[in-house]
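Student: My questions will all concern the structure given below.
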Amino acid sequence: QKEVEQNSGPLSVPEGAIASLNCTYSDRVSQSFFWYRQYSGKSPELIMSIYSNGDKEDGRFTAQLNKASQYVSLLIRDSQPSDSATYLCAVSNDYKLSFGAGTTVTVRA
Amino acid sequence: SAVISQKPSRDICQRGTSLTIQCQVDSQVTMMFWYRQQPGQSLTLIATANQGSEATYESGFVIDKFPISRPNLTFSTLTVSNLSPEDSSIYLCSAQGPNQPQHFGDGTRLSIL
């Protein structure tokens with residue numbers, strides 16, 4: 001049983017649209033949640049962290065967390081071609097991260 | 001966030017040899033980790049590098065194959081031993097400061113002939 005599941009991709013969105021990425025996790029005691037962006041051939045780059053229920057906004061990115069549903073999401077507003085990448089959901093209940101398989105997003109110009 | 005330097009960035013090695021990867025952080029961090037990312041897949045934690053003591057390995061990874069050192073708070077090495085084609089992967093170092101999320105080095109792309 002996978003610990004972290006992400007919606008299967010690839011996800012293709014037109015430029016300017018909202019990209020919606022979903023992630024569920026199985027460990028109910030998880031405390032910390034992260035979204036990393038990984039461009040092809042590059043290492044993961046942290047774009048969002050969220051620790052409490054609700055929404056957290058940072059520029060065009062909004063992370064949403066619902067611990068009761070064991071669900072975390074990432075919205076990318078006004079998607080740009082530079083947002084084309086694989087987005088990795090990561091979950092932690094101590095110091096170790098468990099990663100989802102990733103969702104590849106392609107933004108069409 | 002800390003700057004994490006990893007080297008080599010890539011290497012091509014012969015079967016049966018070993019490769020040591022270095023990871024240097026520009027500031028003192030609490031935790032350092034080593035991950036593997038096989039082609040087209042997500043990240044899998046190999047081990048937590050503990051300063052001055054043996055690393056803590058995840059299920060499926062053993063010290064004989066992946067010896068790790070961390071002599072101080074800012075430096076760690078991962079050796080991949082007795083290389084086989086199945087070891088062809090990207091190996092990533094990450095570091096975490098107090099109450100900070102993990103950040104990653106640029107990775108080492110390893111190919112086995």
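Student: Could you tell me whether any residue of the range B:48-58 is closer than 22 Å to A:Ser32 by Cβ, touching a Cys at 6+ places or on another chain (Cβ under 6 Å), in contact (Cβ under 8 Å) with a residue 12 or more places away in the chain and outside any loop (DSSP other than H, G, I, E, B)?
Tutor: Scanning the range B:48-58, I find no residue that is closer than 22 Å to A:Ser32 by Cβ, touching a Cys at 6+ places or on another chain (Cβ under 6 Å), in contact (Cβ under 8 Å) with a residue 12 or more places away in the chain and outside any loop (DSSP other than H, G, I, E, B), so the answer is no.
Student: Of all residues in the range A:86-109, how many are assigned to a strand (DSSP E or B) and surrounded by 15 or more Cβ atoms within 10 Å (Cβ to Cβ)?
Tutor: The total comes to 14.
Student: Could you check the range A:1-58 for strands (runs of 3 or more DSSP E) lying wholly inside it with 1 or more residues that are within 26 Å of B:Thr108 (Cα to Cα)?
Tutor: A:4-6, A:32-38, A:45-50
Student: Restricting to the range A:59-79, count the residues that are part of a strand (DSSP E or B), polar (S, T, N, Q) and either under 22 Å from B:Thr44 (Cα atoms) or touching a residue at least 24 places away in the same chain (Cβ under 8 Å) (or both).
Tutor: Result for the range A:59-79: 1.
Student: Now for a different question. Would you pick out the residues in the range A:1-35 that are touching a Ser or Thr at 6+ places or on another chain (Cβ under 6 Å), under 10 Å from A:Val91 (Cα atoms) and of a type outside the set (Gly, Ala, Ser)?
Tutor: Within the range A:1-35, A:Glu3, A:Val4, A:Phe34 meet the criteria.
Student: Identify, please: which residue in the range B:3-37 is surrounded by 12 or more Cβ atoms within 10 Å (Cβ to Cβ), part of a strand (DSSP E or B) and of a type in the set (A, V, I, L, M) and is, among those, modelled with the lowest pLDDT?
Tutor: Checking each candidate, the answer is B:Met31.
Student: Of all residues in the range A:17-50 being loosely packed, with under 12 Cβ neighbours inside 10 Å and farther than 30 Å from B:Lys7 by Cβ, which is nearest to the other protein chains (Cβ to nearest Cβ)?
Tutor: A:Val29
Student: Against the condition farther than 26 Å from B:Arg36 by Cβ, touching a residue at least 12 places away in the same chain (Cβ under 8 Å), surrounded by 18 or more Cβ atoms within 10 Å (Cβ to Cβ) and more than 12 Å from the chain's Cα centre (by Cα), how does A:Asp83 come out, does it pass?
Tutor: Judged against the criteria, A:Asp83 is a match.
Student: Condition first: crowded, with 17+ Cβ neighbours inside 10 Å, within 14 Å of chain B (Cβ to nearest Cβ) and of a type outside the set (A, V, I, L, M, F, W, C). Can you find one or more residues in the range A:61-70 that meet it?
Tutor: Checked the range A:61-70: no residue is crowded, with 17+ Cβ neighbours inside 10 Å, within 14 Å of chain B (Cβ to nearest Cβ) and of a type outside the set (A, V, I, L, M, F, W, C).
Student: Shifting gears a bit: Test B:Gly40 against the stated conditions and say whether it is within 23 Å of A:Ser43 (Cβ to Cβ), surrounded by fewer than 17 Cβ atoms within 10 Å (Cβ to Cβ) and either at pLDDT 95 or above or small (Gly, Ala, Ser) (or both).
Tutor: Yes: the conditions hold for B:Gly40.
Student: Mind counting the residues in the range B:64-81 that are under 10 Å from B:Thr20 (Cβ atoms), within 12 Å of the chain's Cα centre (by Cα) and not in a strand (DSSP E or B)?
Tutor: Result for the range B:64-81: 1.
Student: Please determine whether any residue of the range B:80-98 is among the hydrophobic types (A, V, I, L, M, F, W, C), under 19 Å from B:Ile112 (Cβ atoms) and within 14 Å of chain A (Cβ to nearest Cβ).
Tutor: yes
The values are calculated or read from the model by the stated rules, or taken from the named source; none is laboratory data. Source: prediction; values computed, not measured. Cβ atoms come from the backbone with ideal geometry, glycine included; neighbour counts cover every protein chain shown.
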